[in-house]
Amino acid sequence: MGMKVLVIGSGAREHAIAHTLMRADSVDEVTVAPGNPGMRLDGIRTTELSTSNHAALIDFVKNNGYDWVFVGPEVPLIEGIVDDFADAGIKAFGPSRAAAQIEGSKDFAKQLMIRHGIPTAGYHTFEDLDLAETYVREHGAPIVIKADGLAAGKGVTVAMDVETAMRALRDIFVDHRFGSAGAKVVIEEFLEGQEFSLMSFVRGADFWPMPISQDHKRAYDADKGPNTGGMGAYSPVPQIGRDVVDAAIETIVRPTVQAMVDDGTPFTGILYAGLIATVDGPKVIEFNARFGDPETEVVLPQLTSDLGESIDALLHGGTPTFTWNTSDATLGVVLASDGYPTNVVKGAAIPRIDVDANSHVYYAGVAQGDDGLIASSGRVLLVECSAPDIRQAQRKVYGIIDGLDTTGMFYRHDIGAKALK
Ligand code: AMP
Ligand code: GLY
């Protein structure tokens, strides 16, 4: 008999994780808490339990005989859900509360990198508006302003001029736009180069890197508009050479997971390194303690081994096997509600989307309406296609999306363009 698995979360990332587990021979049943109604189109079960109600989730796992749990999003990880499951005798894949600080506190991540000589942008932390303003005036632009703590990828301003930097500081300190996440601000050196995401399965000092991918963080075409959670992604990233990826593995991922062990906060789960390929080699712009979204939706479709078996092995001290389809490219484009990320207008009707066996629709912010699914938050869904190269994958995705009635939603038209220059 195959395994029964619970996935925590509700986005397109969790849809991709659940779908990949569903196609694993080792897994019979996948439930997502709370999930979304779009996932049910793939035979994935959902249960309306909140990701913050750890006690209810523990009861649910115990009462329904789940073999283990996969935690998707950062918030429950940072709130210690893996520790709480462990205390209840349940195996959950993801970092402990202590290890999840690598994402939860930019200051924690930066100090770890500096202590261990891991290449990253130079930075200063401020808790006071005047001192921060003085620093920006002295250093000039371009400069990067980040609210410390979690702001769902939206607490970052890449300021190309001093005025924009000053406005970002006032947003954080005076208008408290990011709530308590804005009590501290990290001001960072601007790194120039192409961005890529390197995610790895990690257990202590051992890690298994995945194919790299590239996200598109800005809301509009040509990297215009505000930063979002991510508007689309593709994988692999041909303009980032193997030498750069190897350098990232050796100078960033390996020393980081070793540092977490040495510092007494060993990391188990998915370590996401957000990197910039600078002229001086790859440097870290952020770590996340979980799968990236939308990166997961273009990376996991390349997995040819059994994800259930591998996670089970990682949780039980065994040796996992990860194999990837490296001959095809995958590309995914997000449909977002109008106004995302600042003033989301919910309620768009979601059309039926027909795709072939090499394509998939991963749902995020959707609710069940009277006549089908309706948009219920910023990022609504992602359409992903695999093809022999990025250009063909891109054509295929836009061939699907351009033909849909997307009233009330928008999407970028240039996902993958940087790979095709
Ligand atoms: P983060 O939430 O830290 O990933 O930042 C969001 C986005 O801002 C990143 O994906 C980058 O595009 C950009 N960014 C962040 N930090 C830097 C930096 N130090 N230099 C240049 N761009 C940055
Ligand atoms: N796509 C960026 C993130 O997941 O944080």
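Per-structure values
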read-out	value
Residue match in segment 70-86 (condition: surrounded by 18 or more Cβ atoms within 10 Å (Cβ to Cβ), modelled with pLDDT of 95 or more and over 30 Å from Thr31 (Cα atoms))	no
Whichever residue in segment 273-288 is within 13 Å of ligand 1 (Cβ to nearest atom) and aliphatic (A, V, I, L, M) and, among such residues, is surrounded by the fewest Cβ atoms within 10 Å (Cβ to Cβ)	Ile285
Scan of segment 364-395 for residues that are buried (at least 19 other Cβ atoms within 10 Å of the Cβ) and under 18 Å from Gln214 (Cβ atoms), ordered by number	Arg379, Leu382, Val383, Glu384, Cys385, Ser386, Ile390, Ala393, Gln394
Single unsatisfied condition, Lys283 versus (1) within 12 Å of ligand 2 (Cβ to nearest atom); (2) at pLDDT 95 or above; (3) of a type in the set (D, E, K, R); (4) not in a loop (DSSP other than H, G, I, E, B)	(1)
Cross-chain or 6+ apart pairs with Cβ under 6 Å, segment 186-204 first and touching a residue at least 12 places away in the same chain (Cβ under 8 Å) and on the phi > 0 side of the Ramachandran plot, then of a type in the set (Ser, Thr, Tyr) and surrounded by fewer than 20 Cβ atoms within 10 Å (Cβ to Cβ)	Gly193/Thr278
Condition broken by Leu314, with the remaining ones in (1) among the hydrophobic types (A, V, I, L, M, F, W, C); (2) in contact with a strand residue (DSSP E or B) (Cβ under 9 Å, 6 or more places away or on another chain); (3) surrounded by 18 or more Cβ atoms within 10 Å (Cβ to Cβ); (4) under 27 Å from Gln111 (Cα atoms) satisfied	(4)
Hey, Glu309 more than 12 Å from ligand 2 (Cβ to nearest atom), free of Cβ contacts under 8 Å to residues at least 24 places away in the same chain and of a type outside the set (S, T, N, Q) or not	no
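Residue by residue, here is whether (1) more than 16 Å from ligand 2 (Cβ to nearest atom); (2) on the phi > 0 side of the Ramachandran plot holds:
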| site | (1), (2) |
| --- | --- |
| Ala92 | yes, no |
| Asp107 | yes, no |
| Gly117 | yes, yes |
| Phe126 | yes, no |
| Leu129 | yes, no |
| Ala132 | yes, no |
| Gly140 | yes, yes |
| Ile145 | yes, no |
| Gly155 | no, no |
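The values are calculated or read from the model by the stated rules, or taken from the named source; none is laboratory data. Values in this document were obtained by computation on a predicted structure and should not be read as measured data. Note: ideal-geometry Cβ built from the backbone for every residue, glycine included; neighbour counts use all protein chains shown.
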